[in-house]
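Undergrad: So that we are looking at the same thing, I have put the structure below in structure tokens.
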Amino acid sequence: MLNFNFYRPTDFYFGRGEEKRTGEVCRKHGAKKVLLHFGGQSAVKSGLIARVEQSLTDAGVQYVSLGGVQPNPRAELVYQGIELCRKEGVDLVLAVGGGSVIDSAKAIAMGVPYEGDFWDFFMGGKVPTTALPVGCVLTIAAAGSEGSNSCVIDCVVDGIVKKKGTNFQTNVCTFSILNPELTFTLPPFQTACGACDIMCHVFERYFTNTPAVKMTDELCEGVLRTVVQMLPRVMKDPHDYEARANIMWASTLAHNNLLGVDREQDWASHRIEHELSAFYDCAHGAGLAVVCPAWMTYVYKHDVMRFAQFAVNVMGCQMDYEHPENTALSGIAALRRLWGDAGLPLNFKELGAKREDIPTLVANIGGPEHTEGHFLVLHKHDIAEILTLAADYER
Ligand code: NZQ
Ligand code: ZN
């Protein structure tokens, strides 16, 4: 087990009706005027924005609104948000939505006190020393941004859409309000994408070379098993509160780094997927459903017993002691069945991606010597092979 420091000071409010406390919680954290930041239409249509506005008014917190965050959030709106916050003297950014809205809010929050271009933090190796506080009312269990120190933004650089992530302590939400009922309105596809992303956040940590990490392995397997059990329930009944609630808390636990503090983490599947969602503007979870099993198939021989452990402890496969590689492969197959049954794409065609784009995708990921991942270090030719596996997968 590695040494670690773990500090995630988010104030969480979980359960039915908790969004009604938004104004009070903003006040508690010293906000006088907030930027109410949201996405396309879902939170307006459901009446959530109106409820949050009422709660802010009741608590005497002023607000200015900026909607229109797209999935795979764009830098353009971040620039607008930074200007608006400066002009209006905003002291907290309140995101009402999913990972895209929260990440857009985080980027605005780091840009407001910074004199340069906020994109420096994504490309230029700069680290923010301060940022406005960010609070969120979460509407989709997926990205885990409500508890993570990450922020992922799309920006057009030299005519190419770059999707870049940052991991800074200043990105950690000051508060997060999680009402599982708010996810009842999610389309089945978004529900499934969310579950896939949650599981992949655990995989990026679970598949490690760090020995003697049993405590956290057990937590990883518990979170994964929970999603495996709850996903079919929410696909069948979107109003199943207990299943929604367990998935929502899994979203946070999967990515606030509790499950990764003690080990070397991988992140190759995520980095490869970010090239897909940058290029095709597909949902991040859908891209992962295609990339992650291909990554697993490519790397499992590096540590067959760890993949067999996943197959048995998470996917409920039988251990084949004579041929553990069969167990490992049956775990990957069971995972693909789970995701396929939930309506996720399982190959390039189903995702809307093209095999002939693979050289461009690989070129976009970095220079000739670029590598990804740690479980098995991947060079560009490995990434091309993983994408080819992903392209050709049979359902
Ligand atoms: O824009 P609206 O109309 O709200 O629709 C959204 C959007 O179309 C819809 N939606 C959200 N809540 C809903 C709802 N529809 C009905 N009812 C609800 N309650 O769902 C769609 C997807 O929303 P989005 O916020 O994009 O989803 P998600 O939470 O999966 O976020 C994805 C983004 O997060 C990044 C991804 O790369 C992607 O850009 N990630 C962020 C991470 C982080 N900050 O820690 C880590 C992740 O690995 C990931 O990279
Ligand atoms: Zn993710």
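We did not get these values from a lab; they are worked out from the coordinates using the rules stated. Because the structure is a prediction, the values reported are computed rather than measured. Quick reminder, even Gly has a Cβ in these numbers, built from the backbone with ideal geometry, and neighbours come from all protein chains shown.
Undergrad: Could you tell me how many degrees, from 0 to 90 and to the nearest 10, lie between the Cα long axis of helix 214-236 and the main elongation axis, the longest principal axis, of the Cα atoms of the chain?
TA: 80
Undergrad: Further question: Residues in the range 250-282 near a label at Y7, defined as backbone nitrogen under 18 Å from the 7 Å Cα→Cβ point?
TA: Residues 256-258, 261-262 fall inside that zone.
Undergrad: Rounded to two decimals, what ratio of Rg to Rh does the chain give with C-alpha atoms and a Kirkwood Rh?
TA: 0.96
Undergrad: Okay, next question. What do you get for trypsin sites (Lys or Arg not before Pro) in the range 314-355 restricted to DSSP loop and a cutoff of at most 16 other Cβ within 10 Å of the site's Cβ?
TA: Here the sparse-neighbourhood loop sites are K354.
Undergrad: Which FRET efficiency value, to the nearest 0.05, is calculated for D58 and D392 with the Förster distance at 56 angstrom and r the Cβ-Cβ distance?
TA: Between D58 and D392 the formula returns 0.50.
Undergrad: Let me ask another. Could you estimate the translational diffusion coefficient of the range 224-268 from the Stokes-Einstein equation, with Rh from the Kirkwood formula over C-alpha pairs, at 20 °C and 1.002 mPa s, in whole µm²/s?
TA: For the chosen part, D equals 184 µm²/s.
Undergrad: Same structure, new question: Once fully extended, how much extra length lies between N364 and V127, figured as 0.36 nm per residue of separation less the alpha-carbon to alpha-carbon distance?
TA: Extending this stretch completely gives an extra 82.9 nm.
Undergrad: Defining a contact as two alpha carbons under 8 Å apart and six or more residues distant in sequence, what relative contact order in percent does the chain show?
TA: Relative contact order for the chain comes out at 15 percent.
Undergrad: For a paramagnetic label modelled at 7 Å from the Cα of S46 toward its Cβ, which residues of the range 228-247 fall within the zone defined by backbone nitrogen distances under 16 Å?
TA: 234-235, 237-247
Undergrad: List the lysines whose Cα sits under 30 Å from the Cα of K20, skipping any in the same chain fewer than 8 residues away.
TA: Once the sequence-local lysines are set aside, what remains near K20 is K28, K32, K33, K45, K87, K106, K236.
Undergrad: Taking the Cβ-Cβ separation of R86 and M319 as r and a Förster radius of 56 Å, what is the calculated FRET efficiency to the nearest 0.05? Don't jump to the answer; show the numbers that get you there.
TA: Working: r = 59 Å, r/R0 = 1.06.
That gives a FRET efficiency of 0.40.
Undergrad: Translational D (Stokes-Einstein, µm²/s) of the range 269-395 at 10 °C and 1.306 mPa s when Rh comes from the Kirkwood sum over C-alpha pairs?
TA: Here the translational diffusion coefficient equals 106 µm²/s.
Undergrad: How large is the helix-only mean residue ellipticity at 222 nm for the chain, computed as the sum of -39500 (n - 2.57) over DSSP H runs with n ≥ 4, divided by its residue count, in deg cm²/dmol to the nearest 500?
TA: Using -39500 (n - 2.57) per qualifying helix, the result is -15000 deg cm²/dmol.
Undergrad: If you wrap a convex hull around the alpha carbons of the range 18-169, what volume per residue comes out, as a whole number of Å³?
TA: Enclosed volume per residue, from the Cα hull, is 103 Å³.
Undergrad: At q = 0.23, 0.30 Å⁻¹, what log₁₀ I(q)/I(0) does the range 317-373 have when each alpha carbon counts as one equal point scatterer in the Debye sum?
TA: For the range 317-373, the Cα-only Debye profile gives -0.89, -1.06.
Undergrad: Right, another one. Stick to the Cα atoms of the range 195-320, pair each with every other, and give me the Kirkwood hydrodynamic radius in Å at one decimal.
TA: Value: 15.2 Å, from the Cα pair sum.
Undergrad: Could you please rank T183, T166, T210, placing first whichever residue has the fewest other Cβ atoms within 10 Å of its Cβ? Let's see the in-between values first.
TA: Details: T183 26, T166 22, T210 16.
By the 10 Å Cβ count, ascending, the order reads T210, T166, T183.
Undergrad: Ranking F122, F207 by Cβ neighbours within 10 Å, fewest first, what do you get?
TA: F122, F207
Undergrad: Could you work out the equivalent-ellipsoid semi-axes for the range 86-154, taking the square root of 5 times each eigenvalue of the Cα gyration tensor, largest first, in whole Å?
TA: Numbers: eigenvalues 81, 45, 16 Å².
Ellipsoid half-lengths, sorted descending, are 20, 15, 9 Å.
Undergrad: Simple spin-label model, 7 Å along Cα-to-Cβ: Q70 to R355 in nm?
TA: Here the answer is 3.0 nm between the modelled labels.
Undergrad: I would also like to ask the following. For the range 182-210 and the range 111-144, what is the separation of their Cα centres, given in Å?
TA: Centre-to-centre distance over Cα atoms comes out at 22 Å.
Undergrad: Let's test this: bin the Cα-Cα distances of the range 1-58 at 10 Å from zero up to the farthest pair and state each bin's percent.
TA: Each 10 Å bin holds this share of Cα pairs: 18, 42, 24, 11, 5.
Undergrad: Hey, got the Cα dimensions of the range 134-274 along the principal axes, in Å, largest first?
TA: Principal extents (Cα only, largest first): 43, 42, 28 Å.
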